[in-house]
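Visitor: Can you keep this structure in mind? I'll have questions shortly.
The values are calculated or read from the model by the stated rules, or taken from the named source; none is laboratory data. Worth saying up front: this structure is predicted, and the values here are computed from it rather than measured. All Cβ positions, glycine included, derive from the backbone under ideal geometry; neighbour counts span all protein chains shown.
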Amino acid sequence: MAPSKDPAPVGLKGDEVRAGVVIVEDDPIVAAHVGRGVTARDELALVGSAASLTEARSLMDRDADLFILDLGLPDGNGIELIEAIRARDGRQPKILVLSVLGDEETVLAAVLAGADGYLLKDLDSLDIGQQAADALAGDAPLSPSIAGYVLRHLRRQEGRAKPEDADPVLSPREIELLQLLARGYSNKAAAAEFGISAHTIGDHVKSIYRKLRVSNRGEAMVQAFRSGLLHL
């Protein structure tokens, strides 16, 4: 599949600007499946698609708020694209991995490279659209088994971790929230646990990221653990 020549514009839908989404997937059937999930959401607009790492690199300057990408691409690994996006200055889109690759090594490499979420390809199109919207709202979708991999990785580091300065430190409430996020809770599930709104949880998550100087859930867990704020 070649990059989109005439992608749907990111325009106004009512009074809201739709978020631009780029799909990186070499299987045209799967790409169409993901695309249906994206276009089913009023707040999302498909602005490009690519079937290879090379094509995806050509879309990095596209006005995109979210990349949904596979890792197993014909000319390389999608983790290279994650690293390339995160290495750039300026605009930093959200990155959501959607892959059949669910082994621990691959998952950790993607999360630590800067993926904001990691989902396995067992979702219907509407679920994919919902997860994309959640990622853009500040959530970090992780399949339960994926969250387990990250937790095990942190536990393996426990004996080698050295506390680092963390100023300002997280509040007890923020630490409790980070524990839930580390276990794979979505913002919505954490909101139900705390008895507050998902919007308020989103504000807490942004505060955590700001204090730890990170941009996604994986980085937050690693930094909080190394700083002695998160104990597993």
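Visitor: Please work out which residue is farthest from GLY117 (Cα to Cα), limiting yourself to the stretch 163-199 and to residues that are of a type in the set (Gly, Ala, Ser) and at pLDDT below 80. Please lay out each step first, then the result.
Guide: Let us first name the residues in the stretch 163-199 that are of a type in the set (Gly, Ala, Ser), namely 166, 171, 182, 184, 186, 189-192, 195, 197-198.
Okay, now just the ones that are also at pLDDT below 80, so 166, 182, 184, 186.
Details: ALA166: 24, ALA182: 12, GLY184: 10, SER186: 11 Å.
Ranking the qualifying residues of the stretch 163-199, first place goes to ALA166.
One line per residue, one yes/no per condition, for (1) in contact with a Ser or Thr (Cβ under 8 Å, 6 or more places away or on another chain); (2) not hydrophobic (A, V, I, L, M, F, W, C):
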residue: GLY72; (1), (2): yes, yes
residue: GLU83; (1), (2): no, yes
residue: LEU101; (1), (2): no, no
residue: LEU112; (1), (2): no, no
residue: SER125; (1), (2): no, yes
residue: ILE146; (1), (2): no, no
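Visitor: Does the stretch 124-144 hold any residues that are at pLDDT below 85 and not in a helix (DSSP H, G or I), and which are they?
Guide: Correct list: ALA137, GLY138, ASP139, ALA140, PRO141, LEU142, SER143.
Visitor: Next up: Picking from VAL100, VAL107, VAL34, which residue would you name as being surrounded by fewer than 16 Cβ atoms within 10 Å (Cβ to Cβ) and of a type in the set (A, V, I, L, M, F, W, C)? Break it down into steps so the answer makes sense when it comes.
Guide: On the way: VAL107 fails: surrounded by fewer than 16 Cβ atoms within 10 Å (Cβ to Cβ); VAL34 fails: surrounded by fewer than 16 Cβ atoms within 10 Å (Cβ to Cβ).
After ruling out the rest, the residue left standing is VAL100.
Visitor: Right, ALA133: of a type outside the set (Lys, Arg), under 21 Å from SER207 (Cα atoms) and in contact (Cβ under 8 Å) with a residue 24 or more places away in the chain or not?
Guide: Values: of a type outside the set (Lys, Arg): yes; under 21 Å from SER207 (Cα atoms): yes; in contact (Cβ under 8 Å) with a residue 24 or more places away in the chain: yes.
Spelling it out, ALA133 is indeed of a type outside the set (Lys, Arg), under 21 Å from SER207 (Cα atoms) and in contact (Cβ under 8 Å) with a residue 24 or more places away in the chain.
Visitor: When the stretch 92-105 is examined, which residues are found to be within 15 Å of the chain's Cα centre (by Cα) and either at pLDDT below 90 or not aliphatic (A, V, I, L, M) (or both)?
Guide: Initially, the stretch 92-105 is screened for residues within 15 Å of the chain's Cα centre (by Cα), giving 92-99.
GLN92, PRO93, LYS94, SER99 - these are the residues of the stretch 92-105 that are within 15 Å of the chain's Cα centre (by Cα) and either at pLDDT below 90 or not aliphatic (A, V, I, L, M) (or both).
Visitor: For the stretch 100-118, which residues satisfy the criterion of being without any contact (Cβ under 8 Å) to a residue 40 or more places away in the chain, in a helix (DSSP H, G or I) and aliphatic (A, V, I, L, M)?
Guide: As a first pass, look at the stretch 100-118 and keep what is without any contact (Cβ under 8 Å) to a residue 40 or more places away in the chain: 100-101, 103, 105-106, 109-110, 113, 118.
Those still in the list that are in a helix (DSSP H, G or I) too: 105-106, 109-110, 113.
Matches in the stretch 100-118: ALA109, ALA110, ALA113.
Visitor: Let me ask something else. Looking at the stretch 178-212, which of the residues that are part of a helix (DSSP H, G or I) and among the aromatic types (Phe, Trp, Tyr) is farthest from PRO141 (Cα to Cα)? Lay out the reasoning, then the answer.
Guide: Let us first name the residues in the stretch 178-212 that are part of a helix (DSSP H, G or I), namely 178-182, 187-194, 198-212.
Then drop every residue that is not among the aromatic types (Phe, Trp, Tyr), which leaves 194, 209.
Working: PHE194: 19, TYR209: 16 Å.
Here the answer is PHE194.
Visitor: Would you point out which residue out of ALA50, ALA19, ALA56 is among the small types (Gly, Ala, Ser), closer than 19 Å to LEU126 by Cβ and touching a helix residue (DSSP H, G or I) at 6+ places or on another chain (Cβ under 8 Å)? Before the answer, list the steps.
Guide: Details: ALA50 fails: closer than 19 Å to LEU126 by Cβ; ALA56 fails: closer than 19 Å to LEU126 by Cβ.
Selected residue: ALA19, the only one of ALA50, ALA19, ALA56 that is among the small types (Gly, Ala, Ser), closer than 19 Å to LEU126 by Cβ and touching a helix residue (DSSP H, G or I) at 6+ places or on another chain (Cβ under 8 Å).
Visitor: Filter the stretch 75-130 for residues that are among the small types (Gly, Ala, Ser) and within 28 Å of ALA40 (Cα to Cα) and give the result.
Guide: Within the stretch 75-130, the first condition is being among the small types (Gly, Ala, Ser), and the residues that meet it are 76, 78, 84, 87, 90, 99, 102, 109-110, 113-115, 117, 125, 129.
Within the stretch 75-130, GLY78, SER99, GLY102, ALA110, GLY114, ALA115, GLY117, SER125, GLY129 qualify.
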